[in-house]
Every structure is written in structure tokens, then in C-alpha cells.
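K.L.:
Structure incoming, see below.
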Amino acid sequence: MKQVRDKSFVPFIASATLQERIKILAQEINKDYGGKNPLMIGVLNGSFMFLADLFKSIEIECEITFIRVSSYQNTESTGKVKQILGLKEEIQNRDIIIVEDIVDTGMTMQEILGQLASQKPASIKIMTMLFKPEALKVPLKLDYVGFEIENKFVVGYGLDYDGFGRNLDAIYVLKE
Ligand code: 5GP
């Protein structure tokens, strides 16, 4: 059991299981993007550990960058807007792979996808380490999924609870 702040978490996905799956995902990228030069865009903070391990098993020519999504901002027109911060690269005509830690309601990914797609990349695909199908609220095509999980709160391997727990080398789930 792991204590993160005021909550207890129990083992959910072991480190070895994560690493095995990540190798397979990397092989799929190596196969699908052979002869291409994709740009992987990791969404901070959660994706940093997953993408670091994944990237080590990428054998094709591939670039990497990271973005951050600002928290909801009030605007006069729409009320809620999430902004992409930190993207310096030109993505027009590039093959883009967005890499997330977890897709829950899918709202964050839908927003990112819309904003990146408007910059006219050659192609755009989504990879997520974890996916909660039961929580999904918007239509979203996920091209590469590490693990489908139940609609429960998880931490570790980049994912936080209240800023902590990201350093755990495996995924843990909230103890019921
Ligand atoms: P969505 O927009 O898909 O609802 O949420 C995506 C974001 O919510 C993720 O990038 C992550 O930061 C956070 N999130 C969703 N579910 C979990 C979870 O089970 N654990 C943690 N630590 N974060 C989560």
C-alpha cells in the first residue's frame, strides 16, 4: 500500500507490466511510421515518465516536444477555454502523435486535438497510456491505448494526487 497525502492507494498495474506494454506500443509506432519523421507531443505534466520510457524504444527518426494545457480560463464569449502552451514547433504538414497520460472524460484531448488540427498537420494520432472508457463524454478516436481501466482514480508513473505520487514507478488505485 502507498500513502499519498491523505489517501491510501493499492497496486494496480505493476512496473514490469507497464514496461512490457510500452515496448509493444513503441514497436507499433516503429512499424506505422517507418520512413516518416513524426513529432511526438507529450502533454505535461502527467505524460513525462511514460513518454520518456516509450521514446527509448523508438527506432525510427522521431522528434519530441512537450506542451502544457492551461487550466480553464474564463472568456467573455465561451466561458471556458483551455489553451495550449509551449508549442514552438511548426506542425503544418507534420505527422503528429499526441501523447497523454490518461483520457478520462476526453474533454482535454478533444480540445488539444481541435487546436492542433487547425494548424493543418499532415496527420494526427492520439496515444494514451491509460483510458477510462466508462468516463468518456465526447467522441474521440484513440489510436494507441496502453491500458483500458475502470473509472477509478489512479496515481503513479507520472500521474499525481494533489501534486504528489508522480514518482511511483507503477500505477496505484485509490483504496476503497
Ligand atoms: P479529461 O479531460 O479526459 O477528463 O481529463 C484528463 C486529465 O485529468 C488527465 O490528463 C489527468 O491530469 C486528469 N485525470 C483524469 N483521471 C485521472 C486519474 O484517475 N488520476 C489522475 N492522477 N489524474 C486523472
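The values are calculated or read from the model by the stated rules, or taken from the named source; none is laboratory data. Values in this document were obtained by computation on a predicted structure and should not be read as measured data. As a convention, Cβ positions derive from the backbone with ideal geometry for all residues, glycine included, and neighbour counts pool all protein chains shown. Please note that ligands, DNA and RNA were not included when accessible areas were found on the heavy atoms of the full protein model with its side chains. Shrake-Rupley method; radii C 1.70, N 1.55, O 1.52, S 1.80 Å.
K.L.:
Going residue by residue through the stretch 76-96, is there one that turns out to be within 11 Å of the ligand (Cβ to nearest atom) and either part of a loop (DSSP other than H, G, I, E, B) or surrounded by fewer than 16 Cβ atoms within 10 Å (Cβ to Cβ) (or both)?
P.N.:
Going through the stretch 76-96, the residues within 11 Å of the ligand (Cβ to nearest atom) turn out to be 82.
Checking the rest, the ones that are also either part of a loop (DSSP other than H, G, I, E, B) or surrounded by fewer than 16 Cβ atoms within 10 Å (Cβ to Cβ) (or both) come to 82.
Among the residues of the stretch 76-96, at least one is within 11 Å of the ligand (Cβ to nearest atom) and either part of a loop (DSSP other than H, G, I, E, B) or surrounded by fewer than 16 Cβ atoms within 10 Å (Cβ to Cβ) (or both), which makes the answer yes.
K.L.:
Further question on the same structure: Can you tell me which residue in the stretch 103-133 is nearest to the ligand (Cβ to nearest atom), limited to those that are under 20 Å from VAL155 (Cα atoms) and touching a residue at least 60 places away in the same chain (Cβ under 8 Å)? If you could, list the steps in order and put the result at the bottom.
P.N.:
Going residue by residue through the stretch 103-133, those that are under 20 Å from VAL155 (Cα atoms) are 103-109, 127-133.
Next, only the ones that are touching a residue at least 60 places away in the same chain (Cβ under 8 Å) stay: 108, 127, 129.
On the way: THR108: 3, MET127: 13, MET129: 10 Å.
The qualifying residue nearest to the ligand (Cβ to nearest atom) is THR108.
K.L.:
Moving on to the next point. Which one of these is under 26 Å from LYS31 (Cβ atoms), open to solvent by 50 Å² or more (accessible area, probe 1.4 Å) and over 12 Å from the mean Cα position of the chain (by Cα): LYS137, LYS125, LYS120? Spell out how you get there, then give the answer.
P.N.:
Values: LYS137 fails: under 26 Å from LYS31 (Cβ atoms); LYS125 fails: over 12 Å from the mean Cα position of the chain (by Cα).
Going through LYS137, LYS125, LYS120 in turn, the sole match is LYS120.
K.L.:
Across the stretch 157-170, what is the number of residues that are open to solvent by less than 30 Å² (accessible area, probe 1.4 Å) and either near the ligand (Cβ under 9 Å from one of its atoms) or polar (S, T, N, Q) (or both)? Before you say what the answer is, go through the steps one by one.
P.N.:
Residues of the stretch 157-170 open to solvent by less than 30 Å² (accessible area, probe 1.4 Å): 157-159, 165, 168, 170.
Filter once more, keeping what is either near the ligand (Cβ under 9 Å from one of its atoms) or polar (S, T, N, Q) (or both): 158-159, 165.
Residues flagged as open to solvent by less than 30 Å² (accessible area, probe 1.4 Å) and either near the ligand (Cβ under 9 Å from one of its atoms) or polar (S, T, N, Q) (or both) within the stretch 157-170 amount to 3.
K.L.:
Something else: Considering only the stretch 137-156, how many residues are more than 16 Å from ILE22 (Cβ to Cβ), β-branched (Val, Ile, Thr) and more than 8 Å from the ligand (Cβ to nearest atom)?
P.N.:
1
K.L.:
Just checking, does the stretch 128-149 include any residue being more than 21 Å from ASP53 (Cβ to Cβ) and among the polar types (S, T, N, Q)?
P.N.:
Scanning the stretch 128-149 turns up no residue that is more than 21 Å from ASP53 (Cβ to Cβ) and among the polar types (S, T, N, Q).
K.L.:
Same structure, new question: Quick one: how many residues across the stretch 116-164 are assigned to a helix (DSSP H, G or I), more than 22 Å from MET40 (Cα to Cα) and among the aliphatic types (A, V, I, L, M)? So that I can check it myself, show each step before the final result.
P.N.:
Filtering the stretch 116-164 for residues assigned to a helix (DSSP H, G or I) gives 116-117, 133-135.
Narrowing further to those that are more than 22 Å from MET40 (Cα to Cα): 133-135.
Add one more test, that the residue is among the aliphatic types (A, V, I, L, M), and what stays is 135.
Residues flagged as assigned to a helix (DSSP H, G or I), more than 22 Å from MET40 (Cα to Cα) and among the aliphatic types (A, V, I, L, M) within the stretch 116-164 amount to 1.
K.L.:
Select, from GLU176, GLU111, the only residue that is modelled with pLDDT under 95, open to solvent by 30 Å² or more (accessible area, probe 1.4 Å) and closer than 21 Å to ARG5 by Cα. Outline the logic, then answer.
P.N.:
Working: GLU111 fails: closer than 21 Å to ARG5 by Cα.
None of the other options fit; the residue is GLU176.
K.L.:
If you go through the stretch 10-29 one residue at a time, do you hit one that is farther than 23 Å from GLU148 by Cβ and either open to solvent by less than 10 Å² (accessible area, probe 1.4 Å) or at pLDDT 95 or above (or both)? Show your work before the answer.
P.N.:
Keep residues of the stretch 10-29 that are farther than 23 Å from GLU148 by Cβ, which gives none.
No, the stretch 10-29 contains no residue that is farther than 23 Å from GLU148 by Cβ and either open to solvent by less than 10 Å² (accessible area, probe 1.4 Å) or at pLDDT 95 or above (or both).
K.L.:
How many residues are over 11 Å from ASP95 (Cβ atoms), modelled with pLDDT of 95 or more, open to solvent by 20 Å² or more (accessible area, probe 1.4 Å) and of a type in the set (A, V, I, L, M, F, W, C) if we restrict to the stretch 30-71?
P.N.:
8
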